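A short worksheet on the structure shown next.
The values are calculated or read from the model by the stated rules, or taken from the named source; none is laboratory data. Computed from a predicted model, the values in this text were never measured in an experiment. Here the Cβ is made from the backbone with ideal geometry for all residues, glycine too, and neighbour counts use every protein chain on show. When the accessible area is computed, the model is the full protein with side chains, heavy atoms only, and any ligands, DNA or RNA have been set aside. Shrake-Rupley method; radii C 1.70, N 1.55, O 1.52, S 1.80 Å.
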Amino acid sequence: MADQLPEIFWEIHSGLPREGPGDNGSTRRAFLTLKDLPKKPNMLDIGCGPGMQTVELVRLSNGQIDALDNYQPFLDQLDISVKKGGFTDKIKLVNGDMFNLIYDNSAFNLIWSEGAIFIISFEKGLREWKRLLTDKGYLVVSELSWLKNNVPSKVKEYMEHVYPANKTIKENLNIVKKVGYRVIGSFILPTESWWTNYYQPIEAKLPSLKEKYKNNAEKLQHIAYHEVEIDMFRKYSDYYGYVFYIMQNKLEN
Ligand SMILES: C[S@@+](CC[C@H](N)C(=O)[O-])C[C@H]1O[C@@H](n2cnc3c(N)ncnc32)[C@H](O)[C@@H]1O
C-alpha cells in the first residue's frame, strides 16, 4: 500500500496520534473481554501504525508484542513512544507484510488489528491469520461496518466508491463463524474515537496544506478527498462506523 499512495497522502497522515478511528478506552474494553489469556501472552499487532493501541495492550497485559507494519515512518513514530514509556523489552518493532507473515503456527495467544484488516480483506485476514493462533487464542479486529439497513443512496454511492466490501455487523459475524472462530463479542466504537485521534488532527493540517499546494491541482484533489470523507462521516455516522469483532480460535473438528 505504501508505494501506491501519493506523497500528499503521507504528508497528511504523518505525525497523527492514530492512523484510523480508535481510542484507548475501546482497546481496553475489547481486551477485558478476553478471559482465557495466559499471564504473559504472546501478541501480534498487525498494521500497528503509530501504535497507540500497541502501547495500551502492553499496559493492559503482562505480555510481549510484535508491532508489525510495512511503513517505516509509523514504526519510527512508535519507537519514540516505546522508548519514552520504557517498553523496549515488551514491544518488538517489525517491518513486515500482513500478506506474508513469517511466523510459526500457533505462535500467538492474541492477534490484534485495529483498522487494518480491510487491507487484506476481513475474510481473508481471518482465514490466513488463524494458523498463527494457539488453540483458544484470540483474534481482535476493528472493521468498518454498516450500522443500519436503510442507508441513504448518497451514502451507499459513496461507500461503493471508497469501500465496496463494507458489510453489516451480522454479515461479518457470520464470516467469523464460517471461518471457524467462536464469537466472544462485538461493539461499535464511539464517534469520538473517529474525531479525537484521527479526523480532528487531520482537519487541523488541511488549511496550511491547501495554502502550500494552492497551485498543484493533483495535491489539492487529494486534500479534497479527505474533506469529503470527513464531511460524509460528520453527516452520516449513524449509518456506518468502526466495529470491534472479538473472536476465539477453535480447533477444526
Ligand atoms: C488505517 S491504518 C491503522 C493503523 C493503526 N492500527 C491505528 O489504528 O492507528 C492501517 C495500517 O496498516 C499498514 N499497512 C498497510 N499495508 C500493510 C501491509 N501489507 N502489511 C502491514 N501493514 C500494512 C499501514 O501502514 C497503516 O499503518
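Observations on the structure shown:
- Summed over region 74-113, residues that are within 15 Å of the ligand (Cβ to nearest atom) and of a type in the set (S, T, Y) total 3.
- Contact map, region 94-110: first residue within 25 Å of K35 (Cβ to Cβ) and of a type in the set (G, A, S), second residue open to solvent by 50 Å² or more (accessible area, probe 1.4 Å) and in a strand (DSSP E or B), Cβ cut-off under 9 Å, separation 6 or more or different chains; pairs are S106/D135; A107/N42.
- Any hit, region 34-45, residues being more than 14 Å from Y138 (Cα to Cα), touching a residue at least 40 places away in the same chain (Cβ under 8 Å), outside any loop (DSSP other than H, G, I, E, B) and not basic (K, R): no
- Hey, Q64 of a type outside the set (A, V, I, L, M), farther than 22 Å from G137 by Cα and without any contact (Cβ under 8 Å) to a residue 40 or more places away in the chain or not: no
- Of the strands (runs of 3 or more DSSP E) lying entirely inside region 78-186, those containing at least 3 residues that are surrounded by 13 or more Cβ atoms within 10 Å (Cβ to Cβ) and touching a Ser or Thr at 6+ places or on another chain (Cβ under 8 Å) are 108-114, 133-146.
- Region 6-32, subset surrounded by fewer than 15 Cβ atoms within 10 Å (Cβ to Cβ) and assigned to a loop (DSSP other than H, G, I, E, B), residue modelled with the highest pLDDT: L32
- When the test is whether a residue is among the aliphatic types (A, V, I, L, M) and near the ligand (Cβ under 9 Å from one of its atoms), L68 passes it.
- Residue count for region 38-57, restricted to those that are farther than 20 Å from Y103 by Cα and surrounded by fewer than 23 Cβ atoms within 10 Å (Cβ to Cβ): 3
- Total residues in region 49-60, condition more than 7 Å from the ligand (Cβ to nearest atom) and out of contact with any strand residue (DSSP E or B) (no Cβ under 7 Å at 6 or more places or on another chain): 4
- N216 vs. criteria open to solvent by less than 60 Å² (accessible area, probe 1.4 Å), without any contact (Cβ under 8 Å) to a residue 40 or more places away in the chain and more than 25 Å from E192 (Cβ to Cβ): yes
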